[in-house]
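Below is one structure, written out as structure tokens, with a few remarks after it.
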There are 2 protein chains.
Amino acid sequence: MKENKKRTDVNQLGEFGLIDHLTSAYECKNPSTLLGIGDDAAVLDFGGGPVFVTTDMLLEGIHFDLMYTPLKHLGYKSVVVNLSDICAMNAVPKQITVSIGISNRFSVEALEELYDGIYTACRNYNVDLVGGDTNSSNKGLVISITALGTAELDKITYRKGAKAGDVLCVTGDLGAAYLGLQILEREKQIWQSNPKVQPDLEDQTYLIGRQLKPEARTDMVSLFEKSKFVPTSMIDISDGLASEIKHLCNQSGTGALVEEAKVPLKDESQLMALKFKLDPITCALSGGEDYELLFTADLKDLPIIRTLPGIHIIGEMRPENEGVKLQTVNGNLHNIVAQGWRHQ
Amino acid sequence: MKENKKRTDVNQLGEFGLIDHLTSAYECKNPSTLLGIGDDAAVLDFGGGPVFVTTDMLLEGIHFDLMYTPLKHLGYKSVVVNLSDICAMNAVPKQITVSIGISNRFSVEALEELYDGIYTACRNYNVDLVGGDTNSSNKGLVISITALGTAELDKITYRKGAKAGDVLCVTGDLGAAYLGLQILEREKQIWQSNPKVQPDLEDQTYLIGRQLKPEARTDMVSLFEKSKFVPTSMIDISDGLASEIKHLCNQSGTGALVEEAKVPLKDESQLMALKFKLDPITCALSGGEDYELLFTADLKDLPIIRTLPGIHIIGEMRPENEGVKLQTVNGNLHNIVAQGWRHQ
């Protein structure tokens, strides 16, 4: 049947544009819904304090390549990417559900490996697997996970709470996951042209580990709790620093100034970026999949922040009209453009 | 790389066997997890009364065929199948999250139709869409929905609470969704061999509607509440009456006796079954996708049950050693075999 209806390609809108287009007119109505779409997780309240819900779907050939992703690692990572969204609300993950679609090329033993990774993550993060759904798929593997978590009401940290003058901080280091992916992709290309060649992973276990087996920063949420520190805003860095800073600024109504020299990159990331002829700062800004936390802190909390391990102050929030800028090591100012992380 | 590992085909275990195999050794550890895998929904408690969580994934070519499934109906049904699982706990659905994977053959307008159906279901059932994830897929459409709901603690109805002597009841009527599917599949075959032939749906709007646009029985949960009635056990009929009775019996440690003459089938279902040379009772027992509620009631509640509209008493629970039997209209006894609903 031929239809003459208007046809707009989804790529015209992009992922964020598409979600916004499909959901922006929608209003939540239940009193138990405190916050719906628009942050790292939804916030619900069933009478016993806030409950956080987030969900992520991972598709074979889009989010992962089984040629170089061991199923156990994939199971682990699928859980972690969801827990990271709960952490980004300054909350503690408690439960997950796991739905999978599998084609018949997967054996029971392969699924055992996948679930081994899922259970390992559950143990490491003290999270319960409470439900799920197992289905046939015509092609490929699909994993859809939903995570739930809790926090005290006065600990909830949204994307929207930053204000001009707040310091901008990031946990851990950036760019490594993207560079790990570059190594894996390079070796896949070489192997595909000559299957006799053994992969040369150059002992880059750190970079490759950051890609294949990331961790969620529940340790940071605990550290904040112990230090009696509550960020003014927070987001997890899954799509690259640039895109996440933009989200914080958009939702908080602020600008930001990031100092290139302060953006944490490990030596091996710097060296590998140069080897791939990539700009290290671009890997940190737009590489993605680092699953670190980007947050802002009120100036009064600066003395606390300074004593906490693993946290880097990379800049400050500015008035909205100053824009979102990067000050390079040479002192030049550039607009930060959110390229995000394109899977295709 | 050639591996000599053992390889067990997933079809050897079947869907239920596979879930059981992958999850049976797992134990939940968080105090906020009251019940994990094994019922229609998990039961959690974050301090404000029980919270229910369930999830279902629908894959193109497995659970739906876009050749005869309008996207608006698909969106609606995707929500309903999840809400039905919340109802089966005697709980009220409150929120959903929706993740989708879409190939680039879907236009923005097609997704608007899908979400139109999702939002229509949200409005009809007073449920909030609170989160989700939109992804590219290499092929086909994947929809993964998680639903949350609430109930008072003394209203929770598990699969495991039935006891010998309880009456066995079902809401609505059975078999229609399966027969609607047979009509749609027949017309698809005809159309594929000759695209000029117009589909002949025989004005079977009821049967086709039951397949394409089912409803979740939130009305029954309200009716129970108003009548101060709490079932002793309950499950939703998504996989066919036979398989669901088996679940209730297995988890409750009982047998059951079902009277064929009492199983509710509409006249149009009976007639269409005969037209397709199918046994009507087999359509009710093993057709699936009726999304009605199967529940048991203590004998003391029989007077209440008898006054409620839309409920059919189809048999009674028996001691476990008597097995799960169907008494035919001729008075013969047959073992009920759970074929369930095989998507492939």
Self-check item: Considering residues of the stretch A:88-106 that are polar (S, T, N, Q) and at the interface with chain B (Cβ under 7 Å from one of its Cβ atoms) only, the residue nearest to A:Leu153 (Cα to Cα)
Solution: A:Gln95
Quiz prompt | Output for the stretch A:201-221, where each listed residue is touching a residue at least 24 places away in the same chain (Cβ under 8 Å) and either among the hydroxyl-bearing types (Ser, Thr, Tyr) or outside the structural domain of A:Met317 (by TED's automatic domain parsing) (or both) | solution = A:Tyr206, A:Thr218
Exercise. Kindly indicate whether B:Glu260 is buried (at least 21 other Cβ atoms within 10 Å of the Cβ), of a type in the set (Asp, Glu), modelled with pLDDT of 95 or more and under 21 Å from B:Thr328 (Cα atoms).
Key: no
Exercise. Could you check, for the stretch B:3-11, whether at least one of its residues is acidic (Asp, Glu), under 21 Å from B:Gly161 (Cα atoms) and more than 8 Å from chain A (Cβ to nearest Cβ)?
Key: no
Quiz item: Being surrounded by fewer than 18 Cβ atoms within 10 Å (Cβ to Cβ) and within 30 Å of A:Pro199 (Cβ to Cβ), is that true of even one residue in the stretch A:70-89?
Solution: yes
Quiz item: Which residues, taken from the stretch A:191-237, are more than 24 Å from A:Ser286 (Cα to Cα) and in contact with a Leu (Cβ under 7 Å, 6 or more places away or on another chain)?
Solution: A:Leu223, A:Ser227
Quiz item: Restricting attention to the stretch B:134-181, which residues are aliphatic (A, V, I, L, M) and in a helix (DSSP H, G or I)?
Solution: B:Leu153, B:Ala176, B:Ala177, B:Leu179, B:Leu181
Exercise. Identify the single condition in (1) under 23 Å from the mean Cα position of the chain (by Cα); (2) in a loop (DSSP other than H, G, I, E, B); (3) basic (Lys, Arg) that B:Arg123 does not satisfy, given that it satisfies every other one.
Key: (2)
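Does A:Leu153 satisfy the criteria of being more than 7 Å from chain B (Cβ to nearest Cβ) and among the hydrophobic types (A, V, I, L, M, F, W, C)? Walk me through how you get there before you give the answer.
Working: more than 7 Å from chain B (Cβ to nearest Cβ): yes; among the hydrophobic types (A, V, I, L, M, F, W, C): yes.
So A:Leu153 passes the test.
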Practice problem: Report yes if some residue within the stretch B:324-339 is on the phi > 0 side of the Ramachandran plot, surrounded by 15 or more Cβ atoms within 10 Å (Cβ to Cβ) and at pLDDT below 95; otherwise report no. | Solution: no
Self-check item: Selection from the stretch A:129-157 of residues that are crowded, with 23+ Cβ neighbours inside 10 Å and within 23 Å of B:Gly47 (Cα to Cα)
Solution: A:Leu129, A:Val130, A:Gly131, A:Thr146, A:Ala147, A:Leu148, A:Gly149, A:Thr157
Practice problem: Among the candidates B:Glu109, B:Glu113, single out the residue that is out of contact with any helix residue (DSSP H, G or I) (no Cβ under 8 Å at 6 or more places or on another chain), over 19 Å from B:Ser238 (Cα atoms) and not assigned by TED's automatic domain parsing to the domain that holds B:Cys249. | Solution: B:Glu109
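So that you can scan it fast, the table gives a plain yes or no per residue for (1) of a type outside the set (A, V, I, L, M, F, W, C); (2) more than 9 Å from chain B (Cβ to nearest Cβ); (3) closer than 15 Å to A:Lys77 by Cα; (4) free of Cβ contacts under 8 Å to residues at least 40 places away in the same chain:
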site	(1), (2), (3), (4)
A:Val108	no, no, no, yes
A:Tyr115	yes, no, yes, no
A:Tyr125	yes, yes, yes, no
A:Gly132	yes, no, no, yes
A:Asn135	yes, no, no, yes
A:Gly140	yes, no, no, no
Quiz item: Do any residues in the stretch A:319-340 that are free of Cβ contacts under 8 Å to residues at least 60 places away in the same chain have Cβ atoms under 7 Å from those of residues that are assigned to a loop (DSSP other than H, G, I, E, B) and of a type in the set (S, T, N, Q), where the two are at least six apart or on different chains, and which pairs are they?
Solution: A:His334/A:Thr328
Quiz item: Would you say B:Leu168 is away from every other protein chain (no Cβ under 11 Å) and within 18 Å of the chain's Cα centre (by Cα)?
Solution: yes
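State yes or no: is B:Val51 touching a Leu at 6+ places or on another chain (Cβ under 7 Å) and either buried (at least 24 other Cβ atoms within 10 Å of the Cβ) or at the interface with chain A (Cβ under 9 Å from one of its Cβ atoms) (or both)?
So B:Val51 fits the description; yes.
Table: residues versus (1) over 22 Å from A:Asp85 (Cα atoms); (2) in a loop (DSSP other than H, G, I, E, B); (3) of a type in the set (Asp, Glu).
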{"position": "A:Ile183", "(1), (2), (3)": "yes, no, no"}
{"position": "A:Arg186", "(1), (2), (3)": "yes, no, no"}
{"position": "A:Gln189", "(1), (2), (3)": "yes, no, no"}
{"position": "A:Leu201", "(1), (2), (3)": "yes, yes, no"}
{"position": "A:Gln211", "(1), (2), (3)": "no, no, no"}
{"position": "A:Glu215", "(1), (2), (3)": "no, yes, yes"}
{"position": "A:Met220", "(1), (2), (3)": "no, no, no"}
Self-check item: Failed condition for A:Lys160, given (1) more than 22 Å from the chain's Cα centre (by Cα); (2) surrounded by fewer than 24 Cβ atoms within 10 Å (Cβ to Cβ); (3) within 25 Å of A:Pro303 (Cα to Cα)
Solution: (1)
Exercise. Could you please find all residues in the stretch B:218-257 being among the small types (Gly, Ala, Ser), buried (at least 18 other Cβ atoms within 10 Å of the Cβ) and under 27 Å from B:Ile208 (Cα atoms)?
Key: B:Ser238, B:Gly240, B:Ala242, B:Ser243
Exercise. Inspect all residues belonging to the stretch B:90-98 and state whether any of them is of a type in the set (Ser, Thr, Tyr), out of contact with any Gly (no Cβ under 6 Å at 6 or more places or on another chain) and assigned by TED's automatic domain parsing to the domain that holds B:Gly47.
Key: no
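The values are calculated or read from the model by the stated rules, or taken from the named source; none is laboratory data. What you see is a predicted model, and the numbers here were worked out from it, not measured in a lab. Glycine gets a Cβ as well: all are built from the backbone with ideal geometry, and neighbour counts include every protein chain shown.
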